[in-house]
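The values are calculated or read from the model by the stated rules, or taken from the named source; none is laboratory data. Just so we're clear, the structure is a prediction, and the values are computed from it rather than from any experiment. Heads up, the Cβs are rebuilt from the backbone with ideal geometry, glycines too, and the neighbour counts pull from every protein chain shown.
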Amino acid sequence: MARFSDDFIQQIRDHNDIESVIGSYIDLKRRGKNLVGLCPFHNEKTPSFTVYPETASYYCFGCGAGGEVINFIRNIENLDFTEAIKLLADRAGLKLPDTDYDDSASKMRRRIYEANREAARFYHETLFTDRGKQQLDYLLGRGVSPKMIKHFGLGAAPDDWHALEDHLKAKGFHRDELVAANLLRMSEKNGKRYYFDAFRAKVMYPVIDLRGNVVAFGGRVLDNSKPKYINTSDTLVYKKSNELFALNFAKNGNDRKLILCEGYMDVIALHQAGYENAVAGLGTALTPEQVSLVSRYADEVALCYDSDEAGQKAVRAAMTLFSKTGVKVKVIRLEGGKDPDEIIKAHGKERFAKLLDKADNDTEYKLSKLREKYIVQTDDGKLNFLRDAVKVLAFCDSIERDVYAMRLSDELGVGKEAILQQINEHRRKESYKKSKAEFSTAQKQVQNLEVAADPQRLKNIRAAKAEDTILISLLNNASFYKNLKERLSKDVFVTPVNKHLLEIIINRLEEQESTDISHLSQYLTSEEVSVVAKLLANQAMVSNTVRECEDCLSVLEEEKKKREKPDFSQMSDDSFLELFNSLKKDEN
């Protein structure tokens with residue numbers, strides 16, 4: 001990986017204020033001298049993501065993600081360090097130093113982007129040739145206008161095993177680049193490898209990321225064969241669980257409202273009808289990462305899934321995921337068709353507008369599904385319905401609870417106060433259990449991250465805490481190093497991540513260079529940068545004195561002696577006898 005000078009890293013930091021950069025992705029609210037918001041890296045309702053302007057760092061106490069402005073961009077945009085630097089340099093209007101900064105991974109990423117862009121151009125142009133006639137007829141037959149075909153860059157993969165490969169090789173692309181982009185696939189037979197186009201005889205839907213890069217494709221068959229859709233597998237530039245189709249269009253001017261659909265054609269039909277805030281998943285069930293992405297661009301999402309059982313199951317799953325965020329959820333009841341494309345074609349966009357206007361909020365949807373489950377005209381049905389309804393209403397806000405308690409009272413002939421009493425009782429019990437479970441989950445998430453990054457940490461908690469204290473102190477007080485230098489060595493550290501951090505910090509202190517988190521970040525993995533951010537976030541727990549560091553070194557030296565002491569229970573008889581004889585000899 002390329003190395004940048006401290007001066008240039010400082011320019012990147014100075015011209016990309018962490019508050020404004022992170023604030024362009026999530027809503028931040030000031031809390032004292034720091035800022036808090038909902039973490040973009042995991043789903044949550046209560047903010048645990050904190051930005052520290054004083055140290056130009058951030059840390060999430062819910063999932064353990066942390067770092068500085070470069071690491072934030074690395075993770076939020078799924079980039080490597082050099083690519084994140086380039087993005088921030090472009091944002092600030094800074095010129096990169098005159099050095100070749102592309103390593104092999106960066107070069108491959110760039111070639112995949114270029115190959116995808118050229119493939120999208122090839123597919124789009126093919127659509128208007130004889131080889132794309134069937135695909136064009138399909139799209140026009142589905143009511144897609146020429147304007148929408150151009151807007152979404154729709155295309156046709158010809159019925160040919162090597163058409164795209166031949167085209168891209170003529171443009172200078174190598175086979176390994178096309179395989180890495182998943183535009184080519186490979187099979188092996190009788191010890192020989194065969195390469196072929198990943199998409200053949202398909203209607204092509206390019207997937208474009210938020211920065212305008214073509215990152216993947218979806219291809220639809222022209223007959224009734226299965227699977228109906230084939231999608232690009234995950235690559236260096238694409239992870240299907242992290243992307244949403246058409247979000248590059250929908251994120252602009254959407255009044256922070258999105259319509260979440262199931263498929264490409266639903267989105268295209270809605271955009272054509274004027275609903276340019278429609279998006280869709282990419283061939284998989286909705287993921288926590290996609291929900292987190294939605295919450296960056298919307299305060300309200302309308303679920304527009306098929307009316308069949310599979311679609312309603314997807315609605316329930318989506319509501320569960322969104323319940324962990326602050327996003328308001330509505331559910332569109334698709335009456336008059338199984339999906340929005342069918343409804344708009346059969347009844348016009350006005351019908352869809354009415355369905356959107358009367359969409360159920362999540363509470364109404366859940367209650368309506370409960371009504372379908374019980375016969376409320378009977379006493380047993382009424383009681384069972386109310387018991388489940390209480391569980392639904394327990395975590396609504398106070399006004400919503402009051403409104404629905406009144407409605408249920410009128411509907412079922414049960415006193416409103418009795419219903420509210422049951423709601424409040426259930427609310428108290430669940431609130432206690434939920435807070436306890438959330439705390440436990442958060443602790444496990446952070447611990448799992450730490451253990452994943454450094455398995456030795458859990459086995460050596462006492463030593464790890466002493467290491468943390470020394471590292472925090474050195475990060476805050478470079479002058480401590482000269483007092484600790486004689487005893488300070490990575491050999492006394494036991495946890496590999498802290499050992500690596502210490503090595504980097506000592507090297508920079510020896511060269512009298514900055515140990516600011518921004519200057520350290522290019523020498524560390526993203527996970528290691530998160531560890532530094534955690535240290536900075538917890539620095540108030542350390543007294544920051546040389547004496548405390550010396551005490552921690554004593555702990556580490558003591559732990560080192562314990563580790564080096566032989567474990568008699570694990571020794572063979574011969575080894576034990578040899579050790580016994582040597583000790584006896586020493587005594588004489």
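Of the residues that sit in region 240-259 and are assigned to a loop (DSSP other than H, G, I, E, B) and touching a residue at least 40 places away in the same chain (Cβ under 8 Å), which one is farthest from ASP357 (Cα to Cα)?
Applying the filter and picking the extreme gives GLU243.
Name every residue in region 308-325 that is of a type outside the set (Gly, Ala, Ser), assigned to a loop (DSSP other than H, G, I, E, B) and either assigned by TED's automatic domain parsing to the domain that holds LEU393 or out of contact with any Ser or Thr (no Cβ under 7 Å at 6 or more places or on another chain) (or both), in order of residue number.
The answer is ASP308, LYS324.
Give all pairs with beta carbons closer than 7 Å in which a residue from region 18-36 that is closer than 24 Å to LEU210 by Cβ and touching a residue at least 60 places away in the same chain (Cβ under 8 Å) meets a residue that is surrounded by 15 or more Cβ atoms within 10 Å (Cβ to Cβ) and aromatic (Phe, Trp, Tyr); count only pairs at least 6 apart in sequence or on separate chains.
Close Cβ pairs (under 7 Å, with a partner that is surrounded by 15 or more Cβ atoms within 10 Å (Cβ to Cβ) and aromatic (Phe, Trp, Tyr)) amount to VAL21/PHE72.
Could you list, in sequence order, the residues of region 326-371 that are hydrophobic (A, V, I, L, M, F, W, C) and assigned to a loop (DSSP other than H, G, I, E, B)?
Matches in region 326-371: VAL327, ILE332, LEU334, ALA359.
In region 265-300, what residues are closer than 21 Å to MET148 by Cα and either among the charged types (D, E, K, R) or outside the structural domain of PHE322 (by TED's automatic domain parsing) (or both)?
Selection gives ASP266, GLU276.
Checking PHE196 against (1) buried (at least 16 other Cβ atoms within 10 Å of the Cβ); (2) touching a residue at least 24 places away in the same chain (Cβ under 8 Å), which test does it fail?
(1)
Out of everything in region 372-402 that is of a type in the set (A, V, I, L, M, F, W, C) and in a loop (DSSP other than H, G, I, E, B), what residue ends up being surrounded by the fewest Cβ atoms within 10 Å (Cβ to Cβ)?
Among residues in region 372-402 that are of a type in the set (A, V, I, L, M, F, W, C) and in a loop (DSSP other than H, G, I, E, B), the one surrounded by the fewest Cβ atoms within 10 Å (Cβ to Cβ) is ILE375.
Could you please tell me which pairs satisfy a Cβ distance under 8 Å, a separation of 6+ or placement on different chains, a first residue in region 166-184 that is in the same structural domain as TYR194 (by TED's automatic domain parsing), and a second residue that is surrounded by fewer than 20 Cβ atoms within 10 Å (Cβ to Cβ) and hydroxyl-bearing (Ser, Thr, Tyr)?
These pairs meet every condition: ARG175/TYR195; VAL179/TYR195; ALA180/THR235; ALA181/THR235; ASN182/SER233; ASN182/THR235; LEU184/TYR195.
Counting only residues that are of a type in the set (A, V, I, L, M) and part of a helix (DSSP H, G or I), which one in region 139-148 is surrounded by the most Cβ atoms within 10 Å (Cβ to Cβ)?
It comes out as LEU139.
Kindly provide the set of residues from region 390-425 that are in contact with a helix residue (DSSP H, G or I) (Cβ under 6 Å, 6 or more places away or on another chain), within 22 Å of ARG316 (Cα to Cα) and without any contact (Cβ under 8 Å) to a residue 24 or more places away in the chain, ordered by number.
Answer for region 390-425, where residues must be in contact with a helix residue (DSSP H, G or I) (Cβ under 6 Å, 6 or more places away or on another chain), within 22 Å of ARG316 (Cα to Cα) and without any contact (Cβ under 8 Å) to a residue 24 or more places away in the chain: just ARG401.
Could you tell me which numbered condition SER241 fails, if it satisfies all but one of (1) surrounded by 24 or more Cβ atoms within 10 Å (Cβ to Cβ); (2) within 24 Å of GLY311 (Cα to Cα)?
For SER241, the failing item is (1).
Right, GLU438: part of a helix (DSSP H, G or I), surrounded by 14 or more Cβ atoms within 10 Å (Cβ to Cβ) and at pLDDT below 90 or not?
Here the answer is yes, as GLU438 does meet what is asked.
Can you go through GLY141, GLY172, GLY132 and tell me which one is on the phi > 0 side of the Ramachandran plot and not aromatic (Phe, Trp, Tyr)?
Only one candidate qualifies: GLY172.
Before we move on, is GLU188 among the acidic types (Asp, Glu) and within 30 Å of the chain's Cα centre (by Cα)?
In short, no.
Just checking, does region 327-337 include any residue being more than 18 Å from ILE268 (Cβ to Cβ), surrounded by fewer than 20 Cβ atoms within 10 Å (Cβ to Cβ) and touching a residue at least 60 places away in the same chain (Cβ under 8 Å)?
No.
Helices (runs of 4 or more DSSP H) wholly in region 47-138 with at least 2 residues that are among the acidic types (Asp, Glu) and touching a Phe, Trp or Tyr at 6+ places or on another chain (Cβ under 9 Å) - which ones?
Per the criteria, 104-126.
Could you tell me how many of the residues in region 223-234 are assigned to a strand (DSSP E or B) and either in the same structural domain as LEU79 (by TED's automatic domain parsing) or of a type in the set (Gly, Ala, Ser) (or both)?
0
Suppose we keep only residues that are part of a strand (DSSP E or B) and out of contact with any Pro (no Cβ under 9 Å at 6 or more places or on another chain) within region 210-222. Which one would you say is surrounded by the fewest Cβ atoms within 10 Å (Cβ to Cβ)?
By that ranking, first place goes to ARG220.
Residues being surrounded by 14 or more Cβ atoms within 10 Å (Cβ to Cβ) and without any contact (Cβ under 8 Å) to a residue 40 or more places away in the chain: count how many of those fall in region 149-161.
1
Hey, does region 497-515 have a residue that's under 19 Å from ILE85 (Cα atoms) and either among the small types (Gly, Ala, Ser) or modelled with pLDDT of 90 or more (or both)?
Within region 497-515 (the criterion being under 19 Å from ILE85 (Cα atoms) and either among the small types (Gly, Ala, Ser) or modelled with pLDDT of 90 or more (or both)), the answer is yes, since at least one residue qualifies.
Return the residue satisfying two criteria in turn: it lies in region 504-550 and is small (Gly, Ala, Ser) and in a helix (DSSP H, G or I), and of such residues it is nearest to GLU54 (Cα to Cα).
ALA537
For GLU77, indicate whether it is touching a Lys or Arg at 6+ places or on another chain (Cβ under 8 Å), touching a residue at least 60 places away in the same chain (Cβ under 8 Å), of a type in the set (Asp, Glu) and closer than 30 Å to HIS167 by Cβ.
The answer is yes for GLU77.
Using the structure shown, decide if GLU450 is modelled with pLDDT of 70 or more and either more than 17 Å from LYS534 (Cα to Cα) or assigned to a helix (DSSP H, G or I) (or both).
no
Step by step: first the residues of region 266-298, then only those that are outside any helix (DSSP H, G or I) and aliphatic (A, V, I, L, M), then the one that is nearest to the chain's Cα centre (by Cα). Which residue is that?
LEU286
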